[in-house]
Amino acid sequence: MRPKTILVCLTTLEHAETLLKVAVPLARKHGAHLIGLHTLEALLVYPGIAMHIPEPAFSAFHESQKEEADAVKTVFSKRTDREDFVSEFRLLRAESQSAVDRMIECARSADLVIMAHEDKNSDRYDQRNAQSQVIRESGRPVIVIPLDYDGPEIGQNILLGWSDTREAARAAHDMLGLADPGAALTVLRVVNPANDAFLDADAIDITEMFSRHGLKPTLEHREAIGNSVAEVLGAVAFEKGADLIVTGAFGHSKAYDFVVGATTYALLRDQKIPVLFSK
């Protein structure tokens, strides 16, 4: 299913331009409704703590919030005003909820969510770890974009990190709506040296399914040889010139999550190209 509602989380002014360089071409290609979400931070006073905040401090806080929101909206409008697709700038105050809660709330009615890598230098406190929480809780596919990314348009050359799991299957089918007709697709299984690649039935089946959708898939097996799964995915993506890595995220049990979660966090932290996460 092609995405018809795309939510881009414009958490900071610093990375709004980078995110929109990815989001706008996707919305244009698919004729999608593009929502630019920016949240205003709530100034919370916790129960049981006696403190007086002077009125000038409140005013300065709200004014700084308004200035950033206006600047983000300006960037969004500059990128979308001349486009044919419908766009909407959505400004929400966190209030009693955190900014991440508002992102999750909005994400659940979107076909696709786009976020930036975490940036501890510019992210607000209430936005920390937003990416992993939205991936875990929204139920929607999330593309995470590296900071200052300036690569090719998504959809022409994709790398799928495959494993025989529910999360990977979800990611594979979520990816179908983003792949261009006839797109190159590498289905990559990071294998144990003892495994026989010719007996890898589930990977062969998923590769053949992609062929029936008109894609040009190839199935590859690579050994980790001392590297992490995330490092192998990154290396093969670079080798193939991929514009998107696709992978299942986290896990459905604590034991499984210990392994797959480590790969997810590594991709969230270190990857140099966009990554689509599905859970």
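Numbers at a glance
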read-out	value
Set of lysines with alpha-carbon distance to LYS279 below 26 Å, sequence-local pairs under 8 removed	LYS4, LYS21, LYS29, LYS120, LYS216, LYS240, LYS254
Karplus-derived 3J(HN,Hα), 6.51/-1.76/1.60, for each residue of the range 20-35, Hz, glycine and proline x	6, 5, 8, 5, 5, x, 5, 5, 5, 4, 9, x, 8, 7, 9, 10
Sequence-separation-based contact order of the range 157-278, relative, with Cα cut under 8 Å and 6+ spacing, percent	34 percent
Segment ARG108-SER228, length gained on full extension (0.36 nm per residue, minus Cα span)	40.0 nm
Rounded, prolate or oblate (a/c below 1.5 giving rounded, otherwise prolate when a/b exceeds b/c) for the range 200-240 by Cα gyration tensor	oblate
TRP162 long-range amide H proximity, modeled H, under 5 Å	LEU188, ARG189, VAL190
Rounded if a/c under 1.5, otherwise prolate or oblate - the range 157-278, Cα gyration tensor axes	rounded
Förster radius 22 Å - calculated FRET efficiency between ASP270 and ASP180 (Cβ-Cβ, nearest 0.05)	0.25
Theoretical gain in end-to-end length, HIS173 to ASN129 [0.36 nm per residue, Cα-Cα removed]	13.3 nm
Sorted by Cβ neighbour density within 10 Å, fewest at the top, the residues GLU105, GLU220, GLU239	GLU239, GLU105, GLU220
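Every number in this text was worked out from the coordinates using simple rules, so none of it is lab data. Note that the structure is predicted; figures quoted are calculated from it, not measured. Positions of Cβ are generated from backbone atoms using ideal geometry, with glycine treated the same way; all protein chains shown enter the neighbour counts.
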